[in-house]
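Heads up: the structure comes next, in structure tokens.
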Amino acid sequence: MYTRGQTGCCARTARKSQDRAGAWNPRFRRIVADGPSHAKHRSTQRRHTISEPRTNDRIRVPEVRLVGPSGEQVGVVKIEVAIRLAQEADLDLVEVAPNSKPPVAKIMDYGKFKYEAAQKAKEARRNQANTILKEVRFRLKIDKHDYETKRKRAEGFLQAGDKVKAMILFRGREQSRPEQGVRLLQRFAEDVAELGTVESNPTIDGRNMVMIISPLKNKSEAKAEANAQRAASKARAQGRAQDAVAEPAAAAQSETDSPQREDDPEEK
């Protein structure tokens, strides 16, 4: 039976279980006794909390190894001296390596540092989300034409900033010759080396062999380069069109401006 202290959804859940089974269900004993647990939620919150470095007066150590605003090594100084130097430069003293002995602290603009770090993290998340894994499949006995077609497809994916998953599909007794698959994938990686680099070496995945190639340029860089190329191509096309219109007009103008020869009356 549920007790008087049980309230809310826990008591209702226990009551329904008892009514359904006709007896107390021990599965609800911990829930009813303890109530809904928030430990998992709290642990998730702690896991996602980013601990910020200690700054200025929050640095509770007698001395630090000080790094100047330009990266120069000042040396080991007392914490009071380090804070005073940071205040004189109108900057912050930030503890960058708390586990060192003594801890390492740097004089910097902490607000600017946090903003730049947030922008880098945002860019990294955007690039990671935009990167798509494209798949290119091979047979172990692939002819030259098919290989070139697969290579060109992979180059297009890499130019767009996407990863390429090169996969060899083994059939029958081909599984007993994995070294041939390794050679084929290594050759493929060398052929696209100008656009991508091997992220994971050839590995056996069931009856297949897989290799991952990452682009040398991320998604945003590839998109910016493609936009620049389109803009340059459009500008060249407009220039050719203007030249095509200007040439007949210039020719007509030159004919109009050229003096016509008149007969000299003295020659008659």
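Somewhere in the stretch 231-238, is a residue in contact (Cβ under 8 Å) with a residue 12 or more places away in the chain and assigned to a helix (DSSP H, G or I)? No, the conditions are met nowhere in the stretch 231-238.
Test of understanding: among E52, E88, which residue is surrounded by fewer than 16 Cβ atoms within 10 Å (Cβ to Cβ), at pLDDT below 90 and farther than 30 Å from Q159 by Cα?
Every option except E52 fails the conditions.
The residue that is modelled with the highest pLDDT, counting only those in the stretch 133-148 that are surrounded by 13 or more Cβ atoms within 10 Å (Cβ to Cβ) and more than 20 Å from I204 (Cβ to Cβ), is Y147.
Against the condition within 30 Å of E221 (Cβ to Cβ) and in a strand (DSSP E or B), how does V77 come out, does it pass?
no
Annotation for the stretch 106-125: at least one member residue is of a type in the set (S, T, Y), closer than 30 Å to R54 by Cβ, modelled with pLDDT under 95 and touching a strand residue (DSSP E or B) at 6+ places or on another chain (Cβ under 9 Å). Hey, among S37, S70, which residue is modelled with pLDDT of 85 or more and of a type in the set (S, T, N, Q)? Exactly one residue qualifies, and that residue is S70. Scanning the stretch 91-128 for residues that are over 30 Å from D162 (Cα atoms) and loosely packed, with under 13 Cβ neighbours inside 10 Å returns N99, S100, K101, G111, K112. Please indicate, with yes or no, whether at least one residue in the stretch 187-207 is farther than 22 Å from A226 by Cα, of a type in the set (G, A, S) and part of a helix (DSSP H, G or I). Yes, the stretch 187-207 has at least one match.
Based on this model, can you work out whether K120 counts as of a type outside the set (S, T, N, Q) and assigned to a strand (DSSP E or B)?
It is false that K120 is of a type outside the set (S, T, N, Q) and assigned to a strand (DSSP E or B).
Yes/no per residue for (1) buried (at least 18 other Cβ atoms within 10 Å of the Cβ); (2) in contact (Cβ under 8 Å) with a residue 12 or more places away in the chain; (3) acidic (D, E):
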| site | (1), (2), (3) |
| --- | --- |
| V192 | yes, yes, no |
| L195 | yes, yes, no |
| V198 | yes, yes, no |
| T203 | no, no, no |
| R207 | no, yes, no |
| L216 | no, yes, no |
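The values are calculated or read from the model by the stated rules, or taken from the named source; none is laboratory data. Computed from a prediction, not measured in an experiment: that's the story for all the values here. We place every Cβ from the backbone using ideal geometry, glycine too, and count neighbours over all the protein chains shown.
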